[in-house]
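Step one of this worksheet: look at the structure below.
The values are calculated or read from the model by the stated rules, or taken from the named source; none is laboratory data. Quick caveat: nothing in here was measured; it's all calculated off a predicted structure. Positions of Cβ are backbone-derived with ideal geometry, glycine not excepted, and every protein chain shown enters the neighbour counts.
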Amino acid sequence: MKYTDLVFDLYGTLVDIHTEETDLVWEKTAFYFGFYGAGYTGPELKTSFEAALRRREAVAGQSYECFPDIPFEKIMAELFRRKGVEAHADDLGIHAAQLFRISSLDYIRLYPGALAALAKLRKAGYRLWLLSNAQAVFTAYELRLLGLGEQLDGIYLSSDYQCRKPDLRFYRALTEDRKLDVTKTLMIGNDRLTDIAGAKAAGMATLYLHTDLTPAAQAPADAKKAIGKTDGREYEFEGADWDQLAELILSIG
């Protein structure tokens, strides 16, 4: 096989999602804080959260790669403690983070054919990995909801490693842990600046998907780099038609 391992991004690659972190979401989350004696208004909670996040990122960003990812629930727990709520603050932080996510979520769904494509690729002998810039406190549960976890050989979420793509440390968390041969590894993602740039720096082949969740400033897929039209290690595809993508990936071995 030309590639033995396939590494997938999640949101915008396998999963279509829309969230809105509105003032109402912060207000509802502030109600939850108030239930446990931590008095915030919605605007106060948002401002406090953003300030705490900036402080933690400033410390973490002193390392050489400088793409930190701070666990959401740890900041929420800090905000409980700041109001004198010490008992079960860590658990309350987890629940507050999940409430915030659910309140902000308009929809979450697999792209058509994604689950069947993973099953087909795995049956063909590929090992399948997830490497996602994501918060484990809610993404782990979303994977369960969508039925994705059982199709993957391993799941790597950036908040667990406190660094995110394109940080090479995050890629190496996967490649060194699982002893992957990067020359036989294909990264599949929808963001040129995170998924694709980081994978190239890590020595992987890449498949860029231009989907509805790709950042607006990024160019569409280059037809000259379509699978079957290039013998290189950089492929591109327009959209997230996983019925077609599975067959194309199988065609390059």
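A single member of Ala173, Ala199 is surrounded by 20 or more Cβ atoms within 10 Å (Cβ to Cβ) and farther than 18 Å from Gly253 by Cα, and it is Ala199.
Within the stretch 220-228, can one find any residue that is outside any loop (DSSP other than H, G, I, E, B), basic (Lys, Arg) and either under 21 Å from Asp5 (Cβ atoms) or assigned by TED's automatic domain parsing to the domain that holds Leu115 (or both)? Yes, the stretch 220-228 contains at least one residue that is outside any loop (DSSP other than H, G, I, E, B), basic (Lys, Arg) and either under 21 Å from Asp5 (Cβ atoms) or assigned by TED's automatic domain parsing to the domain that holds Leu115 (or both). For the stretch 36-51, residues that are in contact (Cβ under 8 Å) with a residue 24 or more places away in the chain and outside any helix (DSSP H, G or I) total 5.
No other residue among Tyr32, Tyr40 is in contact with a helix residue (DSSP H, G or I) (Cβ under 6 Å, 6 or more places away or on another chain), crowded, with 17+ Cβ neighbours inside 10 Å, of a type in the set (Phe, Trp, Tyr) and over 27 Å from Glu142 (Cα atoms) apart from Tyr40. Within the stretch 4-13, the set of residues being farther than 11 Å from Leu213 by Cβ and either buried (at least 21 other Cβ atoms within 10 Å of the Cβ) or under 21 Å from the mean Cα position of the chain (by Cα) (or both) comprises Asp5, Leu6, Val7, Phe8.
Just to be sure, is Tyr141 modelled with pLDDT of 95 or more and either among the hydrophobic types (A, V, I, L, M, F, W, C) or buried (at least 22 other Cβ atoms within 10 Å of the Cβ) (or both)? No; evaluated as a whole, the condition is false for this residue. Between Ala246, Ala219, Ala240, the distinction of being free of Cβ contacts under 8 Å to residues at least 40 places away in the same chain, touching a helix residue (DSSP H, G or I) at 6+ places or on another chain (Cβ under 9 Å) and aliphatic (A, V, I, L, M) belongs to Ala219 only. Here the strands (runs of 3 or more DSSP E) wholly within the stretch 101-192 that include at least 1 residues being touching a residue at least 60 places away in the same chain (Cβ under 8 Å) and within 24 Å of Ala216 (Cβ to Cβ) are 105-110, 127-132, 185-189. The residues of the stretch 52-70 that are assigned to a helix (DSSP H, G or I), hydrophobic (A, V, I, L, M, F, W, C) and either within 21 Å of the chain's Cα centre (by Cα) or modelled with pLDDT of 95 or more (or both), listed by number, are Ala52, Leu53, Ala60.
Quick grid of which residues meet (1) modelled with pLDDT of 95 or more; (2) surrounded by 14 or more Cβ atoms within 10 Å (Cβ to Cβ); (3) under 18 Å from Lys165 (Cα atoms):
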residue	(1), (2), (3)
Asp177	yes, no, yes
Asn190	yes, yes, yes
Thr206	yes, yes, yes
Pro220	yes, no, no
Ile227	no, yes, no
Glu238	yes, yes, no
Asp241	yes, yes, no
